[in-house]
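I have a structure I would like to understand better, so I am pasting it below and will then ask my questions one at a time.
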Amino acid sequence: MHHGAYMAEKKLSDPGLLAVGNLIKDKRVSLGESCKSREKFIDSRSLDLFNGSEWISIRHLSNLELGKNWISIEMLLKLSAALEEDPVELFRQIIEVYRENTHVIGD
């Protein structure tokens with residue numbers, strides 16, 4: 001099972017994905033004091049935008065911000081609302097930041 005450990009290690013060190021995570025974190029923090037911590041951000045946005053329901057877990061947000069996971073389309077839509085961003089513009093920024101920080105075919 002060494003291969004699986006290698007893949008996780010490689011995924012953690014993807015500079016493009018790390019840059020995307022930083023983009024998301026910077027946008028969250030820039031929203032002000034009520035969004036400085038992940039927990040406060042999730043709770044305040046849950047009340048304001050998602051009728052108090054859980055829309056993302058702290059672990060999922062942490063994994064996105066730390067560059068451990070790619071964002072799904074469904075989560076992109078939710079996160080863009082929570083970040084007060086147009087989803088198309090946020091996706092464009094994600095692509096741009098990723099391409100600037102990694103070699104992608106088609107650049």
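The values are calculated or read from the model by the stated rules, or taken from the named source; none is laboratory data. Because the structure is a prediction, the values reported are computed rather than measured. In this analysis, Cβ positions are derived from the backbone assuming ideal geometry, glycine residues included, and neighbour counts consider all displayed protein chains.
Residues of segment 9-52 being touching a Leu at 6+ places or on another chain (Cβ under 6 Å) and among the β-branched types (Val, Ile, Thr), which ones?
Residue satisfying the conditions is Ile24 alone.
In this structure, does Asn22 turn out to be at pLDDT 95 or above and either buried (at least 16 other Cβ atoms within 10 Å of the Cβ) or assigned to a helix (DSSP H, G or I) (or both)?
When the stated conditions are applied, Asn22 passes them.
If you don't mind, another one. Hey, can you tell me all the residues within segment 91-107 that are outside any loop (DSSP other than H, G, I, E, B), free of Cβ contacts under 8 Å to residues at least 24 places away in the same chain and either surrounded by 16 or more Cβ atoms within 10 Å (Cβ to Cβ) or not β-branched (Val, Ile, Thr) (or both)?
Correct list: Phe91, Arg92, Glu96.
Which condition from (1) at pLDDT 95 or above; (2) exposed (fewer than 13 other Cβ atoms within 10 Å of the Cβ); (3) closer than 21 Å to Ser13 by Cα is the one that Ser57 breaks?
Just one mismatch for Ser57, condition (3).
Here's a follow-up. Inside segment 62-89, can you point out the residues that are touching a residue at least 24 places away in the same chain (Cβ under 8 Å) and in a helix (DSSP H, G or I)?
Within segment 62-89, Ser62, Leu64, Glu65, Lys78, Leu79, Ala81, Ala82 meet the criteria.
Still on this structure, please answer the following. Kindly indicate whether any position in segment 2-14 is surrounded by 17 or more Cβ atoms within 10 Å (Cβ to Cβ) and either modelled with pLDDT under 90 or not charged (D, E, K, R) (or both).
Checking segment 2-14: not a single residue is surrounded by 17 or more Cβ atoms within 10 Å (Cβ to Cβ) and either modelled with pLDDT under 90 or not charged (D, E, K, R) (or both).
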